[in-house]
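Below is one structure, written out as structure tokens; comments come after it.
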Amino acid sequence: MNLPTGNSAQTQNRKADHIRICLEEDVQCQQVTNGLEHYRFTHCCLPECDRNDIDLSTNFLGKNLNAPLLISSMTGGTAQAGMINQRLAAVAQHYKMAMGVGSQRVAVEKPQVAETFAIRKYAPDVLLFANLGAVQLNYQYGVDECLRIIEILEADALILHLNPLQECIQTKGDTNFRGLLDKISKLCFQLPVPVIAKEVGNGISASMAEKLIAAGVSAIDVAGAGGTSWAKVESERAETALQRRLGRTFTDWGLPTAECITSIRAISGEIPLIASGGLRHGLDAAKAIALGADIAGLAMPFLQAAAESEAALYELAEVLIAEITTVLFCTGNVNLYQLKHSGSLQRLQ
């Protein structure tokens with residue numbers, strides 16, 4: 001296989017920068033929120049159920065999960081990233097949550113770092129998502145490269161992430177997005193696993209979701225605005241004053257997560273939907289699911305915990321599960337289906 005050209009050292013350095021910046025700098029959206037604060041659950045003072053009977057299990061893309069949670073795509077390609085992925089995979093396996101990894105482009109350019117993504121041995125039963133920037137399909141990537149990254153992870157699905165704003169601000173970003181929808185469509189019918197379309201923190205609109213669904217994607221991760229701003233992240237590592245200015249100007253660009261969920265559900269009740277983008281606790285996750293998402297993805301909380309210790313990760317997972325369980329109990333719902341259809345989540349006036 002002829003590997004796509006690229007500066008693997010530059011890609012690897014970018015991975016290290018991203019982890020450092022996310023952990024050390026304030027790169028959260030400043031003004032836009034995930035939109036979930038506009039909703040409130042109706043409290044049920046008499047649930048008429050036993051909290052011990054509450055069931056958080058669900059099925060996503062044909063695989064059973066014990067909790068409706070996704071450890072969202074974050075990293076890989078460096079020694080530190082490999083350690084983080086290993087810890088995340090272990091907690092995902094323990095709690096039977098889904099997990100994605102960061103962009104695997106670096107593993108194609110530099111095969112010796114593929115091991116930092118090879119987490120199936122730590123998570124044999126987990127729903128795992130491989131990951132590649134969709135724009136790479138315009139930069140010499142095709143079916144062979146996608147098959148390679150799926151193989152590295154032994155993945156159940158492939159995320160194609162959509163990040164035009166980030167590429168605009170990133171040093172030597174890949175900004176040729178021409179004709180990508182057609183290439184995504186062809187890929188959807190050529191790969192042996194489902195394809196998930198995902199933004200990286202600026203959201204997917206209903207009209208864009210319609211086009212992606214028509215193109216053949218099997219699921220959508222809205223990854224809306226309200227959490228980590230990749231424009232801000234890239235401005236922190238910018239090499240020019242122009243890049244820094246662009247990143248700061250567009251820190252709050254995008255569609256709030258709640259808006260993405262409701263607008264996409266209005267045009268499709270069937271497409272499997274992941275809610276991510278600024279979710280920080282189990283109450284956010286429960287609201288997103290009640291709005292119509294199937295599972296909820298979190299990144300920053302898991303990254304911070306994984307960087308701290310394995311114990312911190314397990315504590316976070318326990319808290320998230322307890323928070324979602326508490327929402328169900330205090331709304332009188334014993335499972336996620338009931339939560340979605342109970343009408344217990346109301347928009348505040």
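The values are calculated or read from the model by the stated rules, or taken from the named source; none is laboratory data. Values in this document were obtained by computation on a predicted structure and should not be read as measured data. FYI the Cβ positions are ideal-geometry reconstructions off the backbone, even for glycines, and counts take in every protein chain you see.
Test ILE289 against the criterion of being buried (at least 24 other Cβ atoms within 10 Å of the Cβ), closer than 28 Å to GLN80 by Cα and among the β-branched types (Val, Ile, Thr), and give yes or no. Talk me through it step by step, then tell me what you get.
Numbers: buried (at least 24 other Cβ atoms within 10 Å of the Cβ): yes; closer than 28 Å to GLN80 by Cα: no; among the β-branched types (Val, Ile, Thr): yes.
It is false that ILE289 is buried (at least 24 other Cβ atoms within 10 Å of the Cβ), closer than 28 Å to GLN80 by Cα and among the β-branched types (Val, Ile, Thr).
For the range 109-137: of the residues being assigned to a helix (DSSP H, G or I) and among the acidic types (Asp, Glu), which is surrounded by the fewest Cβ atoms within 10 Å (Cβ to Cβ)?
Applying the first criterion (assigned to a helix (DSSP H, G or I)) to the range 109-137 yields 109, 111-116, 134-137.
From what's left, among the acidic types (Asp, Glu): 109, 115.
Details: GLU109: 20, GLU115: 13.
Among those residues, the one meeting the criterion is GLU115.
Kindly indicate whether VAL106 is buried (at least 24 other Cβ atoms within 10 Å of the Cβ), farther than 22 Å from ASN202 by Cβ and either of a type outside the set (Asp, Glu) or at pLDDT below 95 (or both). Outline the logic, then answer.
Working: buried (at least 24 other Cβ atoms within 10 Å of the Cβ): yes; farther than 22 Å from ASN202 by Cβ: yes; either of a type outside the set (Asp, Glu) or at pLDDT below 95 (or both): yes.
Judged against the criteria, VAL106 is a match.
Does any residue of the range 320-331 turn out to be closer than 21 Å to SER72 by Cα, surrounded by 21 or more Cβ atoms within 10 Å (Cβ to Cβ) and among the charged types (D, E, K, R)?
Start the filter on the range 320-331 by keeping residues that are closer than 21 Å to SER72 by Cα, which leaves 320-325.
Next, from what is left, pick out any that are surrounded by 21 or more Cβ atoms within 10 Å (Cβ to Cβ): 320, 324.
From what's left, among the charged types (D, E, K, R): none.
The answer is no; no qualifying residue exists.
Quick one: which residue in ARG265, ARG244, ARG280 is surrounded by fewer than 17 Cβ atoms within 10 Å (Cβ to Cβ), without any contact (Cβ under 8 Å) to a residue 60 or more places away in the chain and more than 26 Å from GLN86 (Cα to Cα)?
On the way: ARG265 fails: surrounded by fewer than 17 Cβ atoms within 10 Å (Cβ to Cβ); ARG280 fails: more than 26 Å from GLN86 (Cα to Cα).
Answer to the check: ARG244.
Which pairs do you get when a residue that is within 18 Å of ALA16 (Cα to Cα), found in the range 301-312, comes within reach of a residue that is surrounded by fewer than 20 Cβ atoms within 10 Å (Cβ to Cβ) and small (Gly, Ala, Ser), reach meaning Cβ atoms under 6 angstrom, with the pair 6+ apart or on two chains?
From residues that are within 18 Å of ALA16 (Cα to Cα), the pairs are ALA305/ALA312.
Given the criterion farther than 20 Å from SER57 by Cα, under 18 Å from the mean Cα position of the chain (by Cα) and either modelled with pLDDT under 95 or not polar (S, T, N, Q) (or both), identify the matching residue among GLY292, GLY277. First the steps, then the outcome.
Numbers: GLY292 fails: farther than 20 Å from SER57 by Cα.
When all the criteria are applied, what remains is GLY277.
Would you tally the residues in the range 195-217 being more than 23 Å from MET300 (Cβ to Cβ) and part of a loop (DSSP other than H, G, I, E, B)?
Residues of the range 195-217 more than 23 Å from MET300 (Cβ to Cβ): 195, 205-217.
From what's left, part of a loop (DSSP other than H, G, I, E, B): 205, 216-217.
The qualifying residues number 3.
Is it the case, given these coordinates, that GLN166 is polar (S, T, N, Q), assigned to a helix (DSSP H, G or I) and under 18 Å from the mean Cα position of the chain (by Cα)?
Values: polar (S, T, N, Q): yes; assigned to a helix (DSSP H, G or I): yes; under 18 Å from the mean Cα position of the chain (by Cα): yes.
The answer is yes for GLN166.
Taking LYS121 as meeting all but one of (1) out of contact with any Gly (no Cβ under 8 Å at 6 or more places or on another chain); (2) closer than 30 Å to ASP55 by Cβ; (3) touching a residue at least 40 places away in the same chain (Cβ under 8 Å), write down the number of the exception.
Among (1) out of contact with any Gly (no Cβ under 8 Å at 6 or more places or on another chain); (2) closer than 30 Å to ASP55 by Cβ; (3) touching a residue at least 40 places away in the same chain (Cβ under 8 Å), LYS121 violates only (3).
Could you count how many residues in the range 169-194 are assigned to a helix (DSSP H, G or I) and of a type in the set (Ser, Thr, Tyr)?
At the first step, the residues of the range 169-194 found to be assigned to a helix (DSSP H, G or I) are 169, 180-190.
Within this subset, residues satisfying the condition of being of a type in the set (Ser, Thr, Tyr) are 185.
Result for the range 169-194: 1.
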